[in-house]
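Below you'll find the structure, written out as structure tokens, and then a few comments.
The values are calculated or read from the model by the stated rules, or taken from the named source; none is laboratory data. Predicted, not measured: the structure shown is a model, and the values here were computed from it. Here the Cβ positions follow ideal geometry from the backbone for every residue, glycine too, while neighbour counts run over all protein chains shown.
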Amino acid sequence: MNPADRLSPREQPHPPYFAALNHMLRQHGGGIAQLIIDLDRLDQNAAHLSAHLDSSLPLRLVAKSLSPPALLQYLSKSLNCQRFMAFHQPHLNQLARDFPRSDILLGKPLPLAAARQFYQQLEGPAEFVPAQQLTWLIDSLPRLYEYAELAQALEQPMQIAFEIDIGLTRGGFNAPEQLTAALTWLQDNPNHLNVRGLMGYDAHIAQAPFWLGRRQAFRNSSARYKAFIEAAQRFPQQWPQQPTLNGAGSLTYRLHTNAETVLNEVSVGSALLKPSDFDNDLLSELQPALWIASPVLKALPGQLPFIGKTHALLQAFNRNRQQTYYLYGGQWPAQPHSPNGLRYDDLFGRSANQERLTSSRRCRLQVDDWVFFRPQRSEGVFELFNQIQLVRNGQWVDRWDTIAKT
Ligand SMILES: Cc1ncc(COP(=O)(O)O)c(C=O)c1O
């Protein structure tokens, strides 16, 4: 236990930002846990992102981190972006439907059955032309052979990019010689596969150990990326004149500037909402824009089963056990954020039905007040809710469905 927890009871009312949201949700929150996006903050984050990227380093929106269709529509418009990175076959079909002019790159290799399913579920007559607008990801020779067979069976060209390992160790071709082997196979065997380029994700750079440093880790991974490009350039028949050289992500896009990158596009998703896993000095100018809010069902004096009066001793030792709150729902991948001073109760445990939080007596939350949580990530969080409530300047403005209505 943090000694400060014992000495000074954590207690804060909501700061003005959350007090306004609390007021709004008490009137319009509908009494159930809600997912909230602050559109003002989202716009500001998008403006920061655009200011960093210029026209020679275009953006690809990472769909898994921004999955609600209306959110992708909103960002595609505000960032003037038609490039998407997809990770999930149903999302892929959705993107092809919603963005008929888009260019979609897979962010992970999909099993052949999922790729086949994409074509089976493609609604026709579709404006989206997979042979020109979709790029599958190939991480190994066996997958290359499989996809070549699928293209043959479909009797249509398929575009592919190679996943390369530039230090992350998450798979893909991990030496230029392996890429050479893949391109040699394409050169020597008739096939319907068109090479579009490379994808090398570099999130490991953000966690570079102190003895290496982020700058050097960046230089090392760029050098590895360059070696793959040089290997590919030896195959002018297979390698396109204007290849896609994709990389980066929310944790590292700030390191990629025009002068200092081998990439010609960067993928970014989560940073636009800045969940807490993205609290990183490189992203300090961005603001959290995604919240989970839940109404207080019960405000009770702190107690625990079986220990009765002994609990008073526990409270004397830790005043932050004086008060207990039960909320509507819970067990989200998120930490209590406002009011400050609320904590999960390790002794009691978590609940997806009625989450329990503890605090000092001076945290004066009432039944029907709202508690705000900051998600650790956005990926996988949208799916826990049916809708997202949109706010501007502390006022409710609209709502979006988290998944497409069919
Ligand atoms: C291939 C790839 N590119 C980019 C990203 C970055 O996504 P985000 O910006 O949401 O962190 C990821 C995240 O997992 C990824 O797997």
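Across region 203-256, which residue is farthest from the ligand (Cβ to nearest atom) among those that are basic (Lys, Arg) and free of Cβ contacts under 8 Å to residues at least 60 places away in the same chain? Steps first, please.
Kept after step one, since they are basic (Lys, Arg), are these residues of region 203-256: 214-215, 219, 224, 226, 234, 254.
Going one step further and asking which of them are free of Cβ contacts under 8 Å to residues at least 60 places away in the same chain, we end up with 214-215, 219, 226, 234.
Numbers: 214: 16, 215: 21, 219: 20, 226: 19, 234: 25 Å.
The residue in question is 234.
Give region 109-133 a look and list any residue that's within 16 Å of the ligand (Cβ to nearest atom) and in contact with a Ser or Thr (Cβ under 9 Å, 6 or more places away or on another chain), or say none.
Restricting attention to region 109-133, the residues satisfying the condition of being within 16 Å of the ligand (Cβ to nearest atom) are 109-110.
Hit for region 109-133 is 109, nothing else.
Specify which of the listed residues (359, 378) is in contact with a Pro (Cβ under 6 Å, 6 or more places away or on another chain) and surrounded by 19 or more Cβ atoms within 10 Å (Cβ to Cβ).
Numbers: 359 fails: in contact with a Pro (Cβ under 6 Å, 6 or more places away or on another chain).
The conditions single out 378.
Could you list all residues from region 267-307 that are of a type in the set (A, V, I, L, M, F, W, C), part of a strand (DSSP E or B) and out of contact with any Pro (no Cβ under 8 Å at 6 or more places or on another chain)? Talk me through it step by step, then tell me what you get.
Of region 267-307, the ones of a type in the set (A, V, I, L, M, F, W, C) are 268, 271-273, 278, 282-283, 286, 289-293, 296-297, 299-300, 304, 306-307.
Those left that are additionally part of a strand (DSSP E or B): 268, 290-293, 296-297, 299-300.
268, 293, 296, 297, 299, 300, listed by residue number.
Considering only residues of region 350-386 that are in a loop (DSSP other than H, G, I, E, B) and of a type in the set (Asp, Glu), which is nearest to the ligand (Cβ to nearest atom)? Don't jump to the end; show me each part of the working.
Restricting attention to region 350-386, the residues satisfying the condition of being in a loop (DSSP other than H, G, I, E, B) are 350-353, 355, 360-369, 376-381, 385-386.
Then keep just the ones that are of a type in the set (Asp, Glu); that gives 355, 368-369, 379.
Working: 355: 26, 368: 35, 369: 32, 379: 7 Å.
Result: 379.
Just for helices (runs of 4 or more DSSP H) wholly inside region 15-108: which have at least 3 residues that are of a type in the set (Gly, Ala, Ser) and away from the ligand (no atom under 13 Å from the Cβ)?
39-52, 69-78
Where the second residue is among the polar types (S, T, N, Q) and modelled with pLDDT of 75 or more and the first is more than 18 Å from residue 339 (Cβ to Cβ) and assigned to a helix (DSSP H, G or I) and lies in region 308-321, which pairs have Cβ atoms under 6 Å and are six or more apart or on separate chains?
These pairs meet every condition: 311/303; 315/322.
Could you grab the pairs with beta carbons closer than 6 Å, sequence gap of 6+ or different chains, first residue in region 7-28 and modelled with pLDDT under 90, second one among the aliphatic types (A, V, I, L, M)?
none
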